[in-house]
Every structure is written in structure tokens, then in C-alpha cells.
1. Would you please name the residue that is nearest to C:G279 (Cα to Cα), looking only at residues in the stretch A:158-178 that are touching a strand residue (DSSP E or B) at 6+ places or on another chain (Cβ under 6 Å) and outside any strand (DSSP E or B)?
2. Report, by residue number, each residue of the stretch B:332-355 that is at pLDDT below 85 and loosely packed, with under 14 Cβ neighbours inside 10 Å.
3. Determine if the stretch C:31-45 includes at least one residue that is in a helix (DSSP H, G or I) and either closer than 20 Å to C:G193 by Cβ or in contact with an Asp or Glu (Cβ under 6 Å, 6 or more places away or on another chain) (or both).
4. Within the bounds of the stretch C:246-256, is there any residue that is under 20 Å from the mean Cα position of the chain (by Cα), at pLDDT 85 or above, open to solvent by less than 60 Å² (accessible area, probe 1.4 Å) and within 14 Å of chain A (Cβ to nearest Cβ)?
5. So, C:L4, is that one out of contact with any helix residue (DSSP H, G or I) (no Cβ under 9 Å at 6 or more places or on another chain) and either within 14 Å of chain A (Cβ to nearest Cβ) or open to solvent by less than 10 Å² (accessible area, probe 1.4 Å) (or both) or not?
6. Would you confirm, using the coordinates I've provided, whether B:L75 is out of contact with any Gly (no Cβ under 6 Å at 6 or more places or on another chain), assigned by TED's automatic domain parsing to the domain that holds B:L125, open to solvent by 50 Å² or more (accessible area, probe 1.4 Å) and not in a helix (DSSP H, G or I)?
7. Which one of B:G40, B:G60, B:G89 is open to solvent by less than 50 Å² (accessible area, probe 1.4 Å), within 29 Å of C:I38 (Cβ to Cβ), outside any loop (DSSP other than H, G, I, E, B) and more than 14 Å from chain A (Cβ to nearest Cβ)?
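The values are calculated or read from the model by the stated rules, or taken from the named source; none is laboratory data. What you see is a predicted model, and the numbers here were worked out from it, not measured in a lab. Quick reminder, even Gly has a Cβ in these numbers, built from the backbone with ideal geometry, and neighbours come from all protein chains shown. Ligands, DNA and RNA are excluded from the accessible area calculation, which covers all protein heavy atoms including side chains. Shrake-Rupley method; radii C 1.70, N 1.55, O 1.52, S 1.80 Å.
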Amino acid sequence: MLRRHTCILLACLLAAGTVAAQATPAQADTIKVGITFSATGPAASLGIAQRNSVALFPKQIAGQDVEYIVLDDGGDTSRAVANMRKLIDENNVDLIMGSTVTPASLAMLGVAAEKQVPMIATAASGALIAPMDAQRHWVFKTPQNDGLMADAIVQNMTKAGIKTVAFIGFSDAYGDGWLNEFTRATKAAGIEITTVEKYARPDTSVTGQVLKIMATAPQAVLVAGSGTPAALPQKTLRERGYKGPIYQTHGITNNEFLKVGGKDVEGTILPTGPILVADQLPDSNPVKAVALSYIHAYDAMYGAGTASPFGANAYDAMLLFKAAVPAALSHAKPGTAEFRSALRDGIEGLHGVVLDHGIATMSPTDHNGFDTSARVMVTIQNSTWKLLP
Amino acid sequence: MTRPMLILIALILLPWLPGMPLFWVSLANQIGISAIVAMGLVVLTGIAGMTSFVQAGLMGFGAYAAALVAQSWGLSPWLGLPAALLASGLAAVLMGAVTLRLSGHYLALSTIAWGVSLYFLFVNLDILGRNDGLSGLPPLSVAGYRLIDVRASAMVIGVSLLLSFIATRNLLNSRWGRALHALQGGEVAAASAGVNLGQARLLAFVYAALLAGLAGWLFAHLQRAVSPNPFGLVAGIQYLLMAVLGGAGFLPGALLGAAIVVLVNNWLQDLLPLLLGAGVNAETVVFGAGLVVLLQAAPTGLWPLLARASAMAHHPQGRTALPAPSAPNATELLQATRLHRRFGGLVAVADLSLSLHKGEILGLIGPNGAGKSTSFNLLSGVDHPDSGRVMLAGTDATGLAAPEMAKLGLARSFQHARLVAGLSVIENVALGAHLRGTASPLQAILRRDRAEEAALFATAARALDRVGLLAEADRPATSLALGQQRLVEIARALAASPAVLLLDEPAAGLRHAEKQALAALLRQLAASGMGVLLVEHDMEFVMSLAHRLVVLDFGTVIAAGTPAEIRQSPAVIEAYLGAAA
Amino acid sequence: MMDLSILLALLQDGVVSGAVYGLLALALVLVFAVTRVILIPVGELVSFTALTYAGLEDGQIPEALPLLLALGALAFLRGALQDRGRSLGSLALQTLVLPAAIAGCAVLIAPLHAGIAVQAGLAIAVVAPMAPLLYRIAFRPLPEASVLVKLIAAVGVHLALTGLGLLCFGPEGARGPAFSDAVLTLGPMILTGQAVWVIFCTTAAMAALWAFFRLSLAGAALRATAINRRGARLVGISPDRSGLLAFWLAGLIAGLSGVLIAPLTTVYYDGGFLIGLKGFVAAIIAGLGSYPLAIAAALVVGVVESLSAFWASDFKEVIVFSVIIPVLLWRSLRHCAVGEEE
């Protein structure tokens, strides 16, 4: 009995204590950026590259100190939302970056609108910023839309005279997103999808799916997976003697994929951001310098050959933010609603910002801002990425 | 108004204290929603002993139902609540119909299978938005005021938590609650007391599912986005973990477990980067290791450590016991004709015939392994004969299950006392009167069963008094000495006010004076018209008590008659001497 | 659409997966029967061995060595605490000296590219001892806890190991070298050398286990403990030692599975969970008790998985996991057990 009363008393005391302790200044001299990436869990290979990139972010922008608070959501929607609420309510951040995966980022949209905090997602799906509505008003994203990439693949297929193609993708949001975009693009181009197969990232065998694909005898196959798990269908296809061209998506672009894929992934065709082949870009391309400087900085910190386009998605988010800060500072002090609103308006007004993945021009209806300059077609030769003309 | 209510009401008002950090409220919301799911698991796993990995999936039914109603169909979010409960409840009924027959580990595994399957169901349904789910749900609103602030959500969640807590406590403190307790280790005894085990299992499963559905509805409107990810197997394991960590057998343990898991995860997120640097994600490592350490320190969960004297449930006091039901007209209460039972090649009972009359005490004796207990099981519906007939109070009862036998007026005790560990002495006795109550689970939840409960407990108290154990009424049943546990079993049988009483070695473990008292009680019962059949080892006891005796050896009747006749029977003497030699 | 060669290929694929599930099912049945622990972390041990084996091909010093040494130190501390300092010598030998010796060998051998057999052996030697160490750390202090509490403790170990796996091996997968690149053509069936190896090794491991249980005293003691734990204790079989032995065997089986699976597919730090879960499905279809039944069930699971990947890859997992419900119902009806043994 006594214990219970003590509990209530304690709770009240605690509450009272926080009233006293809550001297959170309404405005601050430091700009705070709250970040939630999926550094563990199924998307860890992307999330870790993004988290690592944060160490390269500038500590000062336009003479103002910037603080980055990084949390891990493990790719879990509930944790991503909890992180976001924590960053906003506890740390009073001016901007949110993340999350790495689409479902988690989709769940975060509502909080961004509720709290009126600008958010830059580093997840792939176009659904994050379209259709533009009151919720998405606050949301931007850095990776290229799947649609842009799917169009590039279909163009390449049309050029190569491919009429039939099989699809095998992750049974998750990434695979689903690609299937939608690819179906749309092939329909427009008159290419027939012979079969749609799914597999899960940790699956140990895709023999069944591959045999089904081969039974439909497609001229080409598209694999929509991310990281090293995307190598499994391709290796199985080659083991089973499939000879046609194999397309991949921009989800595979790190060096581990090349290592795991070995000789079986030679000749793969994929769309990607220009950063993957930055050294092969003509000097006239403004992206080259930006991308190379990111790659050098990342490699210097984490070892040669470790930089990937995934981490650059996070870096691009910082570049967008950095470009919008000076104007926002002239409107209001960090830590205020006016500053956040000015920051959002600033990002929406960005024009021709050179990022690692391309040149972004935002508008009230386009919160990604990339055009076809943000994609290149690449193939794999001798276990290196080669820019296709 | 009880103390837990005060605490919870305080929890609802606390968020509005000026200066209350908003994030604490967010954390409290997460805790509240998780605790509602975990409470379902306390009922299902902690009390009824059925491990379930599918609670997150059932929560998904609630959440998706809410999302469909409020977002896809544009109806009021409040309509989503009944829809959520309907969806999760219906899903549980369907799943339960298929899998609740499974026992033990099989049931647990089938819930793993359901957990995986439901996740992929959500992922593959276009109407549910596949992997991306449904986002942009409207918040709840009251009279045009949108409950978009976390503090407003906290009130809805707080009220839901409070109501769930009270409802669950009420359910557990009712005749149904006692039946649920009995599902863990007391199934045979409960069935013999007339509890329909399948029904009780389904009740636990559906009740837990309804709580999960409620949590799903709350979750959908708190997150305002629903995707398959929070409803998979891993999430299901997480809820189970909360319940076990808090103390699966204790209702407040659900809240405690949920609070610990949510808060520890949050603290680790703040603390670990300071200790290990920002580049290392060791949260799961520390969390997993901490879980193991905590379980080693407190294998029954943390709540029992905090509240050491886990106060026994308060039961209503009543003075009026239930009136005894009218006795059957038949004078031949129990009649067995040519019962046979084989186990593999072993004939346990062969050609057993006996009859028990009104007001008679019949003793069934025989050397060890003579088939007495098997006969008892055949007569009470716990086991079924391969051939032969059992008549109970003039009705053919052959092949009837134990609960049906109980309905016909038969009650029994067991050779190894089978008391329900989670219940007090008097609650165990009240379990015997299960069939004499009529309150439905819903009435129990709404506390519309108090008068009936008072009468049931008065009946139980009277039965306890008759075996001389009223003073021990509120002790945990399993804390009694073995002999006393047997007496509690007899009291449980008496609480049913049976026409036929079957007692399996009631005198074993009793002291002399206690035996005398028991004999007097049995004589008194017989005098009131009850038929008593007892198996007994204590010859002196049974010879002085029984009106007639039936002697079994190797599963067959070798003699029958009055005690005096049996004493003279050469067959009996040989059987006993032979067995002794 | 399905012709004989496809069917045969699917069956072969299913049997190979099923063989690995079968090995894990064996480990799970064994550990459960002896210690009442449902060894969820068996999947992590599979992943760790596979990743270590793949790393050795590059001449890397195994990333799991610090983990092995740390677990050893923890096990030493936990054991010393529980036994109040008794028999410290043998404890130190098993928890400190043995892991250190293994680590020393690994550091010496790893850069040599000593060939596939040595690398496979080394990978198993590095990872398998983690199982008994985990037993000492997590499960030995919980001898009388309920199955449910032990299950949750196993979940805790699984979570910790998954996190540690990410820290040791990183998020990307790796693939080990095949034991054999040979391809045999038997009529319409193309048989890969690795498939033959998997089936051969699985069969050999099962035969070895059978011999161990039937012919050795330690095996007999384990069987006795599995059948009746209290009885075994009464005749002087230490439940502790049986538990340790069961975990050793489980570690070795998991290690073997890891080495077998590494050349077949890319393995990730967290990929073992799903493999282990399917082994668990097979184990429980077998009632967590019968070894031959567990293997048969594992083969069925593998084949069903392979066939459903062909027919309806969207619903593969649903089919694999739903197919067990009728099996369970049938088993449950046949047994008609009223209560739970524990």
C-alpha cells in the first residue's frame, strides 16, 4: 500500500522536476539536424553508408554551428516515427533527414506535417513526394525516383531490340516500387513482361524462380534488388545457362556486389547516379567535381573503395540543406517555427544545385528535382563499373 | 475506486502538466499501446499457458481495419474501433477454430506459422497498399477538435489502457478467469469440474486478439500510417518478450514489461553513442544481453520482485450459498456394465461391472496396479472404455467427456491432487462450482456477475468448511501440505453439489484425526442421498466406512460384497497375500 | 510448363536446402530434448561460420575471433560466479585456454590459403565453441526456468548475436568457395558437385551422430537425459554436462551447415534466422523428439519451398509455413495429449 503511494508521489515529483528543468530555449544559436537512418536491420548496407557520411558533414554552415543527431531505426517504421518524435520534441531539431527505407519514410510524412518540420528522405520511392499534398509539402528526397531509372532501362532495352523481359525482385517495398514503375514503362514501350517473380533478401535459393523465368524464355531479365542479395538471381541464372542480357537497378551499386557477383555479373547493365562513375565523366560535367570530392573524403575516412552512391544520397541531403540555410537564417533564428518554415521554402526554391547524383531544381510540385542528367547507364567490365555512352 | 485506477487516471492527466516533455508523452503512448497487447498475452500465455507469436499479426488486423475505414473509405475514425475489434476477433475465431486443438509446442509453432503468413498477407494485398501500406490516416477527432497532439492521443490511449486493465482484471476474477487459470496444468481437473476446455481456450485467444485489435486501432491513429513491418513475426516476439520480462502471470507485469522495453531502448539510444562513439550500433547487442541478465535474475519476470506479496485477488463475500440442486430420481446413480480398456497389449480393465446407489458408500479396492485408477477415469469421462456401458443417473453416459459427466452430476478428486497453481485455495474450490454459475465472459468483464460470484464463493466457503480448511481459504493452493491438497480436491468436488462423488484415495497423507473427520463427512454426505465411490489403500479406513466393496485384481472384479464378506473371501486374501509375497 | 528436367532440378534444390534444414532440425531437437531450450541463435552460428569460411578464402584473419574470445571471458566469469570459484581450472581450460588456442591457430593458418578442407575445418573450429560458451553464459544459470522463459532468453541471445554479427562482419553478404565445381549429368538431371557434397556431408554427419548416440557412453548419457532428465540425474548423469555436450554438438552441426551453405548462396550476418526457423519448423513437425522424423520433415519443407518458389514465389513463405498447420493438426489429433509435459 505504502509502495503504491510512494510511486504516485514519485511520479508527481518527477513531473514537477521536469517542469523546472524544462528550460528549453525557444531559439538557439546552433542549427540542429535530426537524422534517422537504418544502420541495422535489412537495409543496413545502405544505412551504414549513409550514417558514415554524416561524419563528413560540415560543422558550420554560413557561420552558424550545426549539430547532427544521428539515430538508428533498423528499418522499422515504428522506431523511425519514434525517433522522429524524439528528435523534434526532445532535441527541437530544425530539419529531419531519413529514413533509408520507403515504408519507414512514408510513416514519417505525417509527423513532418503535424510538427511542421522539413524532412529530406533518403529512400527511393516516388510515393514519398507524389502526389504533392499537404503532408508532402514538408518532404523532399534525394535518391532519384524509380520511374526515372526504370525509363532509362526501358530505353536501353528498346534500343537493343528487346521485346520480352522477365522480372525478379525483392518481396519488399523496393521490389514492389520497381515492379510498378517498370510495368508502367514497359507498357508504354510495348515490351512484354513474361513473368514476375519475387524473392526475399535472406533467401538461400532462387532456383525455383529462375527455372520459371527460363521456362518463359525472355530476351532479357531485370533483377530488382539491393546490395549483394541482388547477385543471387543473376548467379543462379548464369549457373542454369541463361545467356541473355541481365539488367539490374541502382540498388546494387557498391563494391561488395562486384566481389560477390564475380564473373557472373560481367556485362550487367544498370542505371545509376553519375557518382558511381564520377572519374569517367567528362570534366565539363559539373557533377564530376562534387562527386569526386565526396568519394575522396569518404575513402580517406573509411578506406579506399568504400564510398558508394548510397552514402552520397545522405550527403546530397546535406548539400540541399546547406544551400537553403543562408536564406533561412536571414528570416529567423534556428530553433523557431519561422526558421523551419523558411528552411522548407528555401529548399523548395533551390535551383540548379549541383549534387553527387545530379543537378537538382526543386519546385512546389517536384521535391526531388532531378532530371535525366541524374542518371547514367553503366555496365560491369572486369569487375569495375564502366560508363556506357 | 482502486489504486491502479488512480495511477492510471494520473497517467492520463500527467501529459497536460505544464512543462511535461512531449517526448515523454510519446514514449508513454508507445508503452500504453504495447502494454495493451502484452495484457492479452498475460491472459493467453501467462494465465492460460498458450504461447502466441501472432499477437502482432492480430494487431495488424485492427490497424488495417482502422486504416480502411478512416482512410480508404473515408468514414469516421471512431467507426474504425468496432471494425478493428471485429476484424481481429473474427481472425482469432477462424485461426482458433483451426489450431486451438493443438497442444503445447504445436500451438506455439502454429502461431509462428500464422505470424509469418499474416505478414505476407498484408504485404501481398493491393487493398492494403502492399509493402508501403496505407498512409495519411486522419487523426481521431472529438466534436470537430482533431486529436493530433500526442497529449490528446495519450488521453485516448490512457483511457483504453485503463479500461483494458479493468476488463482483464474483471475477467480473471470470475468463473471464466478460474477456468483460464486451469488451462495451465489443471486441465483434467477443470474438465472434471465441467469446464469446456476448448471454449476456455478460444475465450483466451479471442480476448487477447480483441486487445491486440484495440491496440492496432490506437496504433493506426497514433502513427497515422500503417505498413506490414510492425505486424510481423519479430514484432510478435517483441510483445511476448515484454509480457515475460514483466511477469507473464501478472497483469501489471504487462505494463511493467512494456515500459522497460520501450524505455531501455530509448536510453540505450542516448547512452551508447556516448560510450562507444556514433559509428557503432550496439543497441540490439546490449538489449539482448540485458534481457538474458534480467531473466537470470528474475525467471518469473520483474513484477513479482517488485510486488512481493502479490495480493491474492479479492473475491466477493457472500453469506448465502447456492441451494443444492434437486437430487436425481433414479436410485441407481452410477452403473457400469462390462467395461473393457486396453493400452496396447496390456489389459488394464476387463469386464468391470458395478453399481452405486443413492446414499451408498462403495469402496473400490485392490492391490497396486489392479486397474483402480483406470476404472475411475473410465467412470468419470477422463478416459473412455473400449467397450461396455456407463449409466449415470439413468442416462447413458458412455463415451461422454468429463465436462458432460459433470453436467450430469458427477464430481471427482484425483489420486495426485490436481490443484491449479495460480489460484488460492478457495478459488480452486470455486472452480468446482463452475457449472453452477451462468455469467458469460462479457458479464464478467462488466462486473454483472458479482451476486452470482458471491454465491459461488459462499458455496465454496461452505465446502471448505466441511473439510475443515476454511482457515486456509486465501492461501495459495499449492502451499498446502499434500494431505490438505487432497481435502481441497474433495471440497472442490463438493462445491459442485454432485449426485455422485468419486474420490481417489482421499485419506492418503491425512493424520488420524483428519481421517476420522473425513469419514464422518462422507457418512453425512451419504446420509443426505449422495452416492460416494472411493478408491482407497487404507484398509482400516475403507472397511469401517464403506457399505459395500468391490475388489479388483489385474483389471477384473474378483469379489464384491459387504466388508464382512470381503474379509472372508479366499480370492481376496490370496490376491493380497500374493501381491505382498 | 513444368517438364521433367525442371521438376528434377526443383527436387534437387529442395533436397539440398532440406538437408541443411535437417541438420539444423537435428541440432534443435537435440538441444531441446536435453535442456528444454529452443535454440533460436542456431541460425546466427550458421551465418557466422559461413561468413568466416568465405573470409578465409581471402586469407582474412577470422572476424569472429574477438567475439569467440569475449564470449570465453564472459563464460569464465559467469561460470566462476555460479560455481563460487569451484573447479576454476577446468573452467578456465574450456573457456579461456581453448578459445585462445583456437584463435592462435587461426591467426597462423588463415593467411596460408591452406586449402578448402582446412579452411572449412578452421571456420567450424572458430564458431562451434561459441555454442557451449553461450550455454554457460545464458542457459546454464536458468536450469529450472519454464520453456517460455528459456525461449525468451534464447531470443535475447539471438538479438545480441545478430547485433554482434553486424559489428563483426558488416552488412554485406559473402559467398564461400565451392567444394567442387564438377557438374554431373544423369539423364535429364544436372547434378552439381556442391549438391552431392551437401547430401554426402549431411548423411555422414547423421551417421556419425547415430553412432555417437548408440555406441558411446556420453551419447547414451545424452539420450538418457533427453528421455528422462530427473531419472538421468538420479543415476548420476550431470544435467550440466549433458547440456554442455548438447550445445557442443549443436555448435558443430551449425558450423557444418554454415560451411555447406556458404558456396550455395550469399550469406548475411542476419540470414541465419530464416534458415534456423525452417529447421525449427521441421523439428517441431517431428514433435521436438524424433530425429529421423525431423530429417524427413526437413526434406519435405525444402521441397515444398522449392516447388512453391516455382509456382507462386509471392506466396512462398506463406505456403511453406501454412503447409505445417494440417500436419500439426494431424499429429495433434493422433496424440491427443491433454496436457503439456512441462
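1. Taking the candidates together, the pick is A:S171.
2. Listed by number, the residues that qualify are B:F343, B:G344, B:G345, B:L346.
3. No; the residues of the stretch C:31-45 include none that is in a helix (DSSP H, G or I) and either closer than 20 Å to C:G193 by Cβ or in contact with an Asp or Glu (Cβ under 6 Å, 6 or more places away or on another chain) (or both).
4. no
5. Yes.
6. Here the answer is yes, as B:L75 does meet what is asked.
7. Checking each option against the conditions leaves just B:G40.
Every residue, every condition in (1) modelled with pLDDT of 90 or more; (2) not in a loop (DSSP other than H, G, I, E, B); (3) not acidic (D, E), yes or no:
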residue	(1), (2), (3)
A:E256	no, yes, no
A:G261	no, yes, yes
A:Y298	yes, yes, yes
A:M301	yes, yes, yes
A:N313	yes, yes, yes
A:K322	yes, yes, yes
A:V325	yes, yes, yes
A:A342	yes, yes, yes
A:L350	yes, no, yes
